[in-house]
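Novice: Starting off with a structure, shown below.
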């Protein structure tokens, strides 16, 4: 076919993957294994995308890890949880694929990539059972680095500092901007393009078009250059989009910390083993293990930061000690409850009654106030206490380009755009109105692999 749209052709491969996060790298590996030549384009100077910002929890159902601890789970239950959190606005067929293939994702990670997990799955808000499998270092880098090693082993070319600027008349023709050389170049995909450019959580101008609250004054847990340009270029050539207005806020962030490293570690303790109290009343006001939307909306409705409270026993259970961070003054330690109440201007007597009541729930393993599923290993709260202010930040964008079960991008007439595939946060519909914690990496792996394989196999059909 004539490469008619652009001049200055620079790179050609069977499959061109745009983006080098988990979805893009998984797509590249599967495309190569399907027999295609592959090139990966990354706008940053290093690979990993927003995936390296992940706290390392992966939602997987019906695994051997779960069975070792007597956790009864199934893909059907995970699927139900996804739909409930998404307010049943999910594309059910896509959500089902993520849940169904979650167990095989674990096998691929551990056996093919030698990714290391901690043994015991934990529970995140909105999940019915503990199904969050923790990467050994509590970071998405535990997947990104093995993927990059596999990419190198397979001889896949990665070009960094390359920004997608537009698609040609045929979507397999791409114009890019080389930041190092300060010039435009053209890339050609013989069979297909996989768009894996991530979400738009850092794109203030674009996100306020869909939620006017999310101005530059609202914090962001993503890399600051997590922007919408890849998705927008696809939309310009006819890709349909869905759920752009659903932007997830983190319920665990702190207004006292810029990048949320400490806050992210604290949430492993405070939500399952501690409580969150209203800053004016000192009372609990939501289920700390509800889904992310419920928790974030509850805190926002108060209009000022809420207070998360945990104790040393909870940290010993979660494995996340805060003592090394105390000098940062984000999480604070209190030897007496009176000190904690005074520090956050909470009514002491009410706070004491709140903790006493919660401790009874822990002992009975039944939360009669907010129906929080009390973990079996949870212990009653007692001094010393640890506390942190909580205020939501932009975390994840549920909306993006529409795809089908083959990861093909769908146009505004409901038809696949031949040769164009997408995976990861650049897509929309899978999570509905709100994403369950730990399911982003799962989705990236499931649909990244699907997209890469199908983009490679596209060479056995004609593209008109």
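Novice: Out of every Cα pair in segment 1-138, what percent are spaced more than 26 Å from each other? List each step's numbers first, then the result.
Specialist: Working: 3543 of 9453 pairs.
Counting pairs separated by more than 26 Å, the tail of P(r) holds 37 percent.
Novice: Restricting things to alpha carbons, tell me how big segment 324-375 is in terms of Rg and Dmax, in Å.
Specialist: Calculated on Cα positions, Rg and Dmax stand at 13.7, 37 Å.
Novice: For segment 75-118, how big is Rg over Rh, using alpha carbon atoms and the Kirkwood form of Rh? Don't jump to the answer; show the numbers that get you there.
Specialist: Numbers: Rg = 12.6 Å, Rh = 11.4 Å.
Dividing the radius of gyration by the Kirkwood radius yields 1.11.
Novice: How would you order 432-438, 99-105, 188-194 from highest to lowest mean count of nearby Cβ atoms within 10 Å? Before the final figure, lay out the partial values.
Specialist: Details: 432-438: 24.0, 99-105: 20.7, 188-194: 26.6.
Final packing ranking: 188-194, 432-438, 99-105.
Novice: Can you give the alpha-carbon Rg of the chain over 2.2 N^0.38 Å, where N counts its residues? Kindly include the intermediate steps, with their values, before the conclusion.
Specialist: Details: Rg = 22.8 Å, N = 464, 2.2 N^0.38 = 22.7 Å.
Here the answer is 1.01, to two decimals.
Novice: Once both axes come from the Cα atoms, what is the angle between helix 348-364 and the longest principal axis of the chain, in degrees from 0 to 90, rounded to 10?
Specialist: 70
Novice: Cα axis of helix 292-302 to longest principal axis of the chain: angle in degrees, 0 to 90, nearest 10?
Specialist: 60
Novice: Something else now. Once the principal axes of the Cα atoms of segment 252-391 are found, what is the range along each, listed largest first in whole angstroms?
Specialist: For segment 252-391, the Cα spread along each principal axis is 37, 32, 29 Å.
Novice: I would also like to ask the following. What's the center-to-center distance, using Cα atoms, between segment 252-318 and segment 399-446 in Å?
Specialist: With segment 252-318 and segment 399-446 each reduced to a Cα centre, they are spaced 30 Å.
Novice: Rounded to two decimal places and with Rh computed the Kirkwood way over Cα pairs, what is Rg over Rh for segment 146-249? Spell out each step's value before the answer.
Specialist: Working: Rg = 16.0 Å, Rh = 15.8 Å.
Reported Rg/Rh, Kirkwood definition of Rh: 1.01.
Novice: Could you work out the equivalent-ellipsoid semi-axes for segment 32-86, taking the square root of 5 times each eigenvalue of the Cα gyration tensor, largest first, in whole Å? Let's see the in-between values first.
Specialist: On the way: eigenvalues 210, 56, 39 Å².
In descending order the semi-axes read 32, 17, 14 Å.
Novice: How would you rank 345-356, 420-431, highest first, on the average number of other Cβ atoms within 10 Å across their residues? Provide the component values of the computation, followed by the final result.
Specialist: Details: 345-356: 16.2, 420-431: 29.7.
Descending mean neighbour count gives 420-431, 345-356.
Novice: Please determine, in degrees from 0 to 90 and to the nearest 10, the orientation of helix 22-33 with respect to the longest principal axis defined by the Cα atoms of the chain, where the helix direction is its Cα long axis.
Specialist: Compared with the principal axis, the helix lies near 40 degrees.
Novice: If you wrap segment 123-169's Cα atoms in a convex hull and average its projection over all directions, what's the area in nm²? Before the final figure, lay out the partial values.
Specialist: On the way: hull surface 28.0 nm².
Over every viewing direction, the Cα hull of segment 123-169 projects on average to 7.0 nm².
Novice: Convex hull volume of the Cα atoms in segment 236-286, per residue, in Å³? Provide the component values of the computation, followed by the final result.
Specialist: Working: hull volume 8.4 nm³, N = 51.
It comes to 165 Å³ per residue, whole-number rounded.
Novice: Further question: Rg/Rh for segment 310-464: what does it come to with C-alpha atoms and Rh from Kirkwood?
Specialist: Numbers: Rg = 24.1 Å, Rh = 20.0 Å.
We get a ratio of 1.20 for segment 310-464.
Novice: For the chain, what does the relative contact order come out to in percent, with C-alpha contacts under 8 Å and a separation of six or more?
Specialist: Relative contact order here is 25 percent.
Novice: Another question, if that's okay. Sticking to Cα atoms, compute the Rg of segment 360-402 to one decimal and its Dmax as the biggest Cα-Cα distance, whole number, in Å.
Specialist: Cα radius of gyration and Dmax of segment 360-402 are 16.9, 50 Å respectively.
Novice: A follow-up question, please. Using Cβ contacts closer than 10 Å as the measure, can you line up 444, 47, 163 from fewest to most?
Specialist: Values: 444 32, 47 21, 163 18.
Fewest-to-most Cβ neighbours within 10 Å comes out as 163, 47, 444.
Novice: Let me ask something else. With labels modelled as points extended 7 Å from the Cα through the Cβ direction, what inter-label distance (nm, one decimal) is found for residue 370 paired with residue 304?
Specialist: 1.9
Novice: Among 443, 229, 181, 265, rank each residue by its count of other Cβ atoms within 10 Å, from fewest to most, as a rough exposure measure.
Specialist: Least to most surrounded, the residues fall as 181, 229, 265, 443.
Novice: Working only with C-alpha atoms, what are the Rg and Dmax values of segment 389-461, expressed in angstrom?
Specialist: That works out to 14.2, 56 Å for Rg and Dmax.
Novice: Among 232-238, 445-451, how do they line up from the highest to the lowest mean number of other beta-carbon atoms within 10 Å? Don't skip to the answer; put the middle values down first.
Specialist: On the way: 232-238: 17.7, 445-451: 28.1.
By packing density, highest mean first, the sequence is 445-451, 232-238.
Novice: Between residue 217 and residue 69, with labels modelled 7 Å along Cα→Cβ, what's the label distance in nm to one decimal, could you check?
Specialist: With each label point 7 Å from Cα toward Cβ, the separation is 4.1 nm.
Novice: Under the rule of -39500 (n - 2.57) per DSSP H run of 4 or more residues, summed and divided by the residues of the chain, what mean residue ellipticity at 222 nm is obtained, to the nearest 500 deg cm²/dmol?
Specialist: -9500 deg cm²/dmol
Novice: Please state the Cα pair-distance histogram of segment 206-314 with 10 angstrom bins from zero: what percent is in each bin?
Specialist: 12, 39, 29, 15, 5, 0
Novice: Just to compare against my own numbers: the Cα pair-distance distribution for segment 199-240, 5 Å bins, whole % per bin, please.
Specialist: Once binned at 5 Å, the Cα pair distances of segment 199-240 give 6, 25, 27, 22, 12, 7, 1.
No lab work stands behind these numbers, since they all come straight from the coordinates. Remember, it's a predicted structure, so these values are computed and weren't measured experimentally. When we count neighbours, we look across all protein chains shown, and the Cβ atoms used for this are built from the backbone with ideal geometry, even at glycine.
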